[in-house]
């Protein structure tokens, strides 16, 4: 297996000006008002923590353009005594970037188009048991600016931008939909907003 990995990077080096493999830690700033309706203040979900991994390559001959794939997990878990209100979502994203500079330092715009899946809400409020709701898959997109430094094979950087992240039609395995207790309307989750991420990884 290790020989296949070495061969991959040897082959990639003749095609790509650089290949970055990175892990991310960050946060988005959002206020999903529909999801928080009639929820106690201590349990309201405002903003998500993100953990991510991406592979990004910039081929030779494309004058700074590149692309890759990113996987992110977004989550927030609020607790108050025995009550719990938590949200988790996985997002798989195709990336397109343009590096104005790509040497010892790098920076430029980055665009992502992806799919939010496994969007899950756990609710245990004034109840002895929790209920899990799953939302339908939904498209997501992001637009930001990335930048950082390459020191040998070490890559350290960050990214700042806007991301659209929405989930709707939450329901249980028995097709019970998540609704607002005051008016019966279906609840949705709009976690769209500004995000940032710190990144560290390897450059080849």
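Here is how the numbers come out for the structure above:
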quantity	calculated
Tally of residues being at pLDDT 55 or above, over 20 Å from residue 186 (Cβ atoms) and out of contact with any strand residue (DSSP E or B) (no Cβ under 8 Å at 6 or more places or on another chain) across region 1-45	2
Residue 39 being farther than 25 Å from residue 194 by Cβ and touching a residue at least 60 places away in the same chain (Cβ under 8 Å)	no
Residue 57 being at pLDDT 90 or above and either under 21 Å from the mean Cα position of the chain (by Cα) or closer than 23 Å to residue 143 by Cα (or both)	no
Residue list for region 105-125, restricted to those being farther than 22 Å from residue 144 by Cα and assigned to a strand (DSSP E or B)	118, 119, 120, 121, 122, 123, 124
Subset of region 171-199 (residues that are over 19 Å from residue 28 (Cβ atoms), surrounded by 14 or more Cβ atoms within 10 Å (Cβ to Cβ) and at pLDDT 90 or above)	171
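Table: residues versus (1) out of contact with any strand residue (DSSP E or B) (no Cβ under 9 Å at 6 or more places or on another chain); (2) surrounded by fewer than 20 Cβ atoms within 10 Å (Cβ to Cβ).
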| residue | (1), (2) |
| --- | --- |
| 78 | no, yes |
| 92 | no, yes |
| 102 | no, yes |
| 109 | no, yes |
| 119 | no, no |
| 128 | yes, yes |
| 136 | no, yes |
| 144 | no, yes |
| 160 | no, yes |
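The values are calculated or read from the model by the stated rules, or taken from the named source; none is laboratory data. Since this is a predicted model, take the numbers as computed values, not measurements. Heads up, the Cβs are rebuilt from the backbone with ideal geometry, glycines too, and the neighbour counts pull from every protein chain shown.
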